[in-house]
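**Q** Below is one structure. I have some questions about it.
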Amino acid sequence: MNLCSQCYRDVLAKQAKAAEAAAAISAVHSQATVSERHQKLLKVEVEVPIQSPIVPVSSSNDVKASGTSEQPPKPNRCNMCNKRVGLTGFKCRCGGLFCSLHRYNDKHSCTFDYKSAGREAILKANPVVKAEKVDKI
């Protein structure tokens, strides 16, 4: 089924639960009357919904046939020199993606305010502590 070990374990567990539910349903069928069967079946079906973790992958022919034309993702490029960075791109706090030459804030026109961010981080990490006033004798 082309599943990883965790997904395969989850599928096996769900199949085991489904088998237990089927056994419970067959026991209900053999012992109950017709009206009781319907009521118990409805309860069992509501309590044990079976969902498949496998997501069907649509081929390129299906996408073209459905009428939605999705463009392939654009390659990651540096915001300054438009160089292709691929997986080695550096994301800046200003929201841009840069190559190894333009990754530092002084090499590109960075709009992120590092001073105020640092001040806020220090304020959060070190709250103001005020001692109680003591009456001196």
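**Q** Using the Karplus equation 6.51 cos²θ - 1.76 cosθ + 1.60 (θ = phi - 60°), what ³J(HN,Hα) coupling, rounded to whole Hz, does each residue of region 100-114 give in order, writing x for Gly and Pro?
**A** With coefficients 6.51, -1.76 and 1.60, one gets 5, 7, 9, 6, 7, 5, 7, 8, 10, 7, 6, 9, 7, 8, 6 Hz.
**Q** List, in order, the whole-Hz ³J(HN,Hα) value for each residue of region 81-88 obtained from phi through the Karplus relation with A = 6.51, B = -1.76, C = 1.60 and θ = phi - 60°; use x for Gly and Pro.
**A** 9, 6, 7, 6, 10, x, 7, 8
**Q** Taking the Cα of Leu123, stepping 7 Å toward and past its beta carbon, and measuring to each backbone N in region 73-95: which are under 14 Å?
**A** none
Where a number appears in this text, it was derived from the coordinates with a stated rule and is not lab data. In this text the structure is predicted, and so the values were computed from the model without any measurement. When we count neighbours, we look across all protein chains shown, and the Cβ atoms used for this are built from the backbone with ideal geometry, even at glycine.
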